[in-house]
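Here, each number is a calculation from the coordinates, and none is a lab measurement. Keep in mind that what you see is a predicted model, and the values were worked out from it rather than measured. When we count neighbours, we look across all protein chains shown, and the Cβ atoms used for this are built from the backbone with ideal geometry, even at glycine.
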Amino acid sequence: MTSCRVCNNSIEPFMTFGAMPIANGFLKEEEFEDEYFFEMEVAFCENCGSFQLVKQPDAKRMFHENYAFFSSLSKYMQLHFKAYAELVIDRVFTGRDDPFVVELGSNDGIMLSNFKEAGYRHLGIEPSENVADVARSHGIDTLSEFFNLELAERLVAEHGHADAVICANVMCHIPDINGVAAGMAKLLKKDGVLMFEDPYLGDMITKTSYDQIYDEHVFIFSATSVAWIFDKHGLELIDVLPQITHGGSMRYVLAHKGCHEVSANVAELLENEQVQGLHLAETYEQFKCNCETSRDALFNLLERLRNEGKRVVGYGATSKSTTVMNYSGIRPEHIEFISDTTPIKQGKFSPGVHIPVKPYEDFKKNPPDYALLFAWNHAAEIFENEQSFKANGGKWITFVPKVEVIE
Ligand code: TYD
Ligand code: ZN
């Protein structure tokens, strides 16, 4: 028995993914021996609707000076964040005098650069020093700290209240969500707006995209759970905007209660979540069965290809792939290497399973028979760029929403 991170209700894990390493912990051979693992169990709280990890490794094991994730590598994501920033400027900043935006988990400044270029007051909060340094080198004001109520108070004293607080793929990383929500309520102006987006529980359940579950994602949110969490801190959901990024995300718009009009989208999505059964334990029992089916199908396919002597290469050393490979029992003999464009990952090995990560040029030079699409959330961009791979007989393996070979 354990207690819900949001409401303290007692909860039980409904499934385990087994021993998991740090999802972004790409490592060198000499580090194999000391690799850290934790039991990755998940639970659903029927009281507040929060889908959560039961245990999460210490934050310092995940976010540090060697954090291997740089947001600005994907062109599509750059456009996505530009549009996000434009929405904030249009919807929140219009008509305000010298507005101020704070971003949590601002990474290398991919989103804030849009505010900086437009001349707005901005501040990024980014605990991973290496990515924060990249942002600073581009002139984006960035503080390397973890956000909480105390930091919110300090920010208000130093900069004043924020007109907008924004984040993307950050809120679901924060175990002390109540502390952060209290900090948000403190930091926001009376008529300020909070916007954040994260992988959406409804999509994960529909697509069996269980690879959204890994150490960093302590929560997979729904509108129901977000409304519950922030209500306790005086903030209400005023809009919800579905996004295609990260395989299906939701952008939540919140504000101090009664200060802004509430969009009809909110009631509609809350209703859809009831229809989908996101509040029911049986939905998660079914999800568990679907995960097992997906896991077995992927393992069996890779076993068959190995027996047939086919070459399989992973495409994209994603954090998500750590869950897929470790949960499915994939071994180095199944996958020759993983191709990835991120320099800090290249020359290292994947967490837990220890498959070598190589530069994209290696994929280009010697294309495999099959490319296993770990970066399935970027499928549109990747398929567009890899038309010659397919034209030359290369096949794709995808596993979301189901395990499939695309010829
Ligand atoms: P990302 O989508 O952020 O997934 P996660 O959140 O699970 O880590 O990461 C995509 C990874 O794939 C990143 O390491 C860069 C890599 N990548 C390529 O190697 N080639 C590509 O064309 C794209 C789009 C991504
Ligand atoms: Zn709860």
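If you count the DSSP beta bridges with both ends in the chain, what percent of them are antiparallel, to the nearest 5? Don't jump to the answer; show the numbers that get you there.
Working: 32 of 60 bridges.
Percentage antiparallel, nearest 5: 55.
The label-point distance for D98 and E303, in a model that sets each label 7 Å from Cα toward Cβ, rounds to 6.7 nm. How far is helix 264-276 tilted off the main Cα axis of the chain, in degrees rounded to 10, range 0 to 90? The angle comes out at about 40 degrees.
Hey, what's the Kirkwood Rh for the chain if you take every pair of different alpha carbons, in angstrom?
Values: mean 1/r = 0.0455 Å⁻¹.
Over the chain, the inverse of the mean reciprocal pair distance is 22.0 Å.
Taking only alpha carbon atoms, the range 342-397 gives an Rg to Rh ratio of 0.97, where Rh is the Kirkwood radius.
For the range 71-260, what does the alpha-carbon gyration tensor say about shape, rounded, prolate or oblate, given a ≥ b ≥ c as the root eigenvalues, a/c under 1.5 as rounded, and a/b over b/c as prolate? Rounded shape, in that the Cα axes give a/c under 1.5.
The aspartates and glutamates within cross-link reach of K310, meaning a Cα-to-Cα straight distance under 12 Å and a gap of 8 or more places when in the same chain, are E333, E336, D369. Helix 319-328 and the long axis of the chain differ in direction by around 50°, with both axes built from C-alpha atoms.
Under 13 Å of direct C-alpha separation, and excluding same-chain neighbours fewer than eight residues apart, K402 reaches these aspartates and glutamates: D211, E292, D296. Relative contact order of the chain, please, whole-number percent, based on alpha carbon pairs below 8 angstrom and at least 6 residues apart. Normalised by residue count, the contact order of the chain is 15 percent. Loop-resident GluC sites (Glu not before Pro) (DSSP state other than H, G, I, E or B) in the range 285-344 with no more than 16 further Cβ atoms inside 10 Å of their Cβ: E308, E333.
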